[in-house]
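Single-structure report; data block below.
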Amino acid sequence: MKKVERVLELENVTMQFGGVVAVDSFSMHVDAGEIVALIGPNGAGKTTAFNVITGVYQPTNGNVKMRGKIIAQGHPTGKMKKLYAGTHIGEYGKLISNTPDKITEMGVARTFQNIRLFKNMTVLENVLVAHHMRLKTGLLGSILHLNMHEERRIRQESLDLLEMLGLGNVANEKASSLPYGKQRYLEIARALATGPRLLLLDEPAAGMNPQETDELSDFIRDIKEKFNLTVFLIEHHMNLVMDISDRIYVLDFGKMIAEGTPQEIQDNPAVIAAYLGGDDE
């Protein structure tokens, strides 16, 4: 039996700000080819967990692994030694950190709950910016036109990507002129242009109507297959989560309260009490 690659793993990750524990000893994993969701009420710590994975925050304690390699690790230091309210203290002796751009180079891309496009640039230019991180000549070389062949190649690749995602006909339009749903797709296209193996989606259906949300489910499945991706997402729209997820983790006040298949999560009393039972979405 072929061994499944573990793309992402969090081990006892705690993220504490002063006296506030935003994520408390969170352990989870995502295997190659899976779509895994992270759900929970507002303020449960979901986006904080994403920020630890992508290098925005260094964990206060615990570690993050990509394909078995530790990419972030922390333990309480300085004043946090006295303030630390989490568990597993003393188990992680070495501080390891990587900046978000380094994490991206490792094959991780993400989108954000609040769309972060370059709105005064065209659709194509937004994708080209993401593509530039893969240029052998680097951004400076691109500005100075040191490798015109490579420039032409990434321009064509960017156009091909937009065409594949249904945005080819608006390539020369300003990003700000697109309907909201298309802006969401453009943000995903820009993430894909970095060549990820792991795609992190932070509430991709936020602001979408029911029809757009249904279309997004198909879109996520489609890009997972076309680009051979592993997907980890945060989402409040339960229909989307239950429709596309292989497994689901649930956070409440920073603690994991459940893990399982969509059916197991729907039937879990703790989840119903903390989240599903109190949210009509």
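Points worth noting:
- Restraint check, Lys69/Lys119; Lys82/Lys102; Lys65/Lys182; Lys46/Lys102; Lys94/Lys226; Lys174/Lys226, Cα-Cα greater than 29 Å: Lys69/Lys119; Lys82/Lys102; Lys65/Lys182; Lys94/Lys226
- Cut-off under 5 Å, modelled amide H: who pairs with Gly86 long-range: none
- A value for semi-axes √(5λ) of the Cα gyration tensor in Å was derived from the coordinates, and within the list [x] 33, 24, 17; [y] 30, 22, 16; [z] 27, 26, 17 it appears as [x].
- Surface analysis of the chain yields an accessible area of 48 Å² per residue, using protein heavy atoms and a 1.4 Å probe.
- Heavy-atom accessible area order for Glu225, Glu212, largest first, 1.4 Å probe: Glu225, Glu212
- Within the shell of other residues whose beta carbon sits under 9 angstrom from the beta carbon of Glu5, the net charge comes to +2, with Lys and Arg scored +1 and Asp and Glu -1.
- Among the protein heavy atoms, those of Met15 account for about 10 Å² of accessible surface (1.4 Å probe, every chain in place).
The values are calculated or read from the model by the stated rules, or taken from the named source; none is laboratory data. If you're wondering where the values come from, they're calculated on a predicted model, not measured in any experiment. Here Cβ is always computed from backbone atoms with ideal geometry, including for glycine, and neighbour counts include all displayed protein chains. Only protein heavy atoms, including side chains, enter the accessible area calculation; ligands, DNA and RNA are left aside. Shrake-Rupley method; radii C 1.70, N 1.55, O 1.52, S 1.80 Å.
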